[in-house]
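The values are calculated or read from the model by the stated rules, or taken from the named source; none is laboratory data. Predicted, not measured: the structure shown is a model, and the values here were computed from it. Please note: Cβ atoms are built from the backbone with ideal geometry, for glycine as well, and neighbour counts cover all protein chains shown.
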């Protein structure tokens, strides 16, 4: 039972560290547009969906471009 408790504790700590991704604000990405573009590209390549990716995408790709892409699909 002690081994199981220790393993559960270590797994919990590991999950906490994995889940602790720093989310940068839209304002941050507006002042760092190159980083927004790089993060947006990384999120697309790795299929990451997070608030940080949404913030980077909203700065790197202007909303006008979203609408243009939608019209191309139809």
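Key figures
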item	result
Scan of the stretch 45-54 for residues that are in contact (Cβ under 8 Å) with a residue 12 or more places away in the chain and not in a loop (DSSP other than H, G, I, E, B), ordered by number	51, 52, 53
Hey, residue 57 part of a helix (DSSP H, G or I) and at pLDDT 90 or above or not	yes
